[in-house]
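Read through the structure below, which is laid out as structure tokens, and then see the notes.
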Amino acid sequence: MKQTIFSGIQATGIPQLGNFLGAIKHWERLSADYNCFYCVVDLHSITVRQDPAKLRQASREMLAWLIALGLDPAKCTLYLQSQVPAHAELSWILNCFTYMGELSRMTQFKSKSAKHEENINVGLFSYPVLQTADIVLFQANLVPIGDDQRQHLELARDVAGRFNAVYGDVFAIPDAYVPPVGARIMSLQAPDKKMSKSDENVNNCVFLSDSPDVVIKKFKRAVTDSLGVVKASPGQPGVTNLLTIYSSVTGKTIAACEAEFEGMGYGHFKTAVGEAVVSMFRPYQEKHAQLMADVPYLDKIIAEGAAKAAAAAAPTLAKVKEAVGFVV
Ligand code: TYM
């Protein structure tokens, strides 16, 4: 029996380089050896205000990106979270097993509530509980994520363990898989903060849909330093980030990348990183355009994914309802 993987990505916006190098690339690699569920988490997306038409479009586009980036709907289950009601049901139940104090400590809640002061809603607060439900609903053993999701995974482990302590072994306790290189791709203009698709400055972030010109321009403008040496070190966060990107894209070690650019100027280095990203993006962009041109195919994948996910989730939800004492 294969072990199970679950992971998710927010529905809104176009995936950025960090989403790919920190997570999706590994989802694809691991999908040969695990039973995988990859979800476009549109329920999570409405914790900040969304335009309905844009959200609907973005959710399908995101699912198409997942396929374009190498996930095969015949080998893993790709679906939209809101089409599988078990997520919301289990989330309610797990809300009753999660403490206010735990959720108050979540750094993502703190940063998002600072960013959206006018709309600090309860959904934003209990966001990590829904994330826990996502994972344990499928008895996931492994959750491939970037570094920023570690804290949410720790919470998921705590909540699942707490539930098990009361009712017996209902849930598998998931482990995080955080890749050794690329788990935290930083902003190109401000390498002390992570690259994020919701960043207001588009020059901070490289989107999977960016044209070759735009990609090269963004890398040429990337912030470096005045030291003039291509070396990964804490004193050179911009250069270190670019080296991480280059290493992750080419598969070469950081040391090999440093050696490749030894004695060369930053201009040359930044262009080389941009070009490597452009070549990596090209086939993905072509595949994405093809998928978006074939709406019936995409809709078929979406419907099949929801049916597969709902069937896989049902036994766990039934077990949970039985355990807590609902009439089933
Ligand atoms: P989201 O949509 O912000 O990001 C999706 C994945 O991309 C990773 N990631 C990064 N990795 C490296 N560098 C970056 N700059 C970078 N930015 C994002 C994230 O760590 C993530 O793995 N709450 C989650 C979605 C979610 C989920 C889940 C994940 C909902 N339920 C269950 C795992 C399991 C989120 O907002 O990811």
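The values are calculated or read from the model by the stated rules, or taken from the named source; none is laboratory data. Because the structure is a prediction, the values reported are computed rather than measured. A quick note on method: Cβ atoms are made from the backbone with ideal geometry, for glycine too, and the neighbour counts reach across all protein chains shown.
One table, with the values for the structure above:
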read-out	value
Some residue of the range 26-42 being closer than 21 Å to residue 308 by Cα, under 14 Å from the mean Cα position of the chain (by Cα) and of a type in the set (Ser, Thr, Tyr)	yes
Residues located in the range 208-223, provided they are surrounded by fewer than 20 Cβ atoms within 10 Å (Cβ to Cβ) and either polar (S, T, N, Q) or in contact with a Lys or Arg (Cβ under 7 Å, 6 or more places away or on another chain) (or both)	209, 211, 220
Sole residue being under 22 Å from residue 214 (Cα atoms), modelled with pLDDT of 95 or more, in contact with a Gly (Cβ under 8 Å, 6 or more places away or on another chain) and buried (at least 17 other Cβ atoms within 10 Å of the Cβ), chosen from 266, 246	266
Residue, nearest to residue 11 (Cα to Cα), within the range 139-155, restricted to residues that are within 10 Å of the ligand (Cβ to nearest atom) and touching a Ser or Thr at 6+ places or on another chain (Cβ under 7 Å)	145
Residue in the range 156-171 that is within 10 Å of the ligand (Cβ to nearest atom) and in contact with a Gly (Cβ under 9 Å, 6 or more places away or on another chain) present	no
So residue 92, is it under 14 Å from the mean Cα position of the chain (by Cα) and of a type outside the set (D, E, K, R)	no
Output for the range 43-68, where each listed residue is hydroxyl-bearing (Ser, Thr, Tyr) and within 16 Å of the chain's Cα centre (by Cα)	45, 59
Some residue of the range 189-197 being of a type in the set (Lys, Arg), within 14 Å of the ligand (Cβ to nearest atom) and free of Cβ contacts under 8 Å to residues at least 60 places away in the same chain	yes
Count of residues meeting criterion [in contact (Cβ under 8 Å) with a residue 24 or more places away in the chain and of a type in the set (D, E, K, R)] in the range 239-263	2
Flag for residue 129 being within 12 Å of the ligand (Cβ to nearest atom) and assigned to a strand (DSSP E or B)	no
Within the range 155-213, tally of residues that are among the charged types (D, E, K, R) and either over 17 Å from the mean Cα position of the chain (by Cα) or in a helix (DSSP H, G or I) (or both)	8
Odd one out for residue 17 among (1) of a type in the set (A, V, I, L, M, F, W, C); (2) within 22 Å of residue 195 (Cα to Cα); (3) over 14 Å from the mean Cα position of the chain (by Cα)	(3)
Cβ pairs under 8 Å, 6+ apart, first in the range 1-25 and under 13 Å from residue 36 (Cβ atoms), second among the charged types (D, E, K, R) and within 8 Å of the ligand (Cβ to nearest atom)	6/134; 8/134
Test result for residue 29, without any contact (Cβ under 8 Å) to a residue 12 or more places away in the chain, away from the ligand (no atom under 13 Å from the Cβ) and within 25 Å of residue 181 (Cα to Cα)	yes
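Yes or no, residue by residue, for (1) touching a strand residue (DSSP E or B) at 6+ places or on another chain (Cβ under 8 Å); (2) among the aliphatic types (A, V, I, L, M):
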| site | (1), (2) |
| --- | --- |
| 20 | no, no |
| 67 | yes, yes |
| 77 | yes, no |
| 93 | no, yes |
| 110 | no, no |
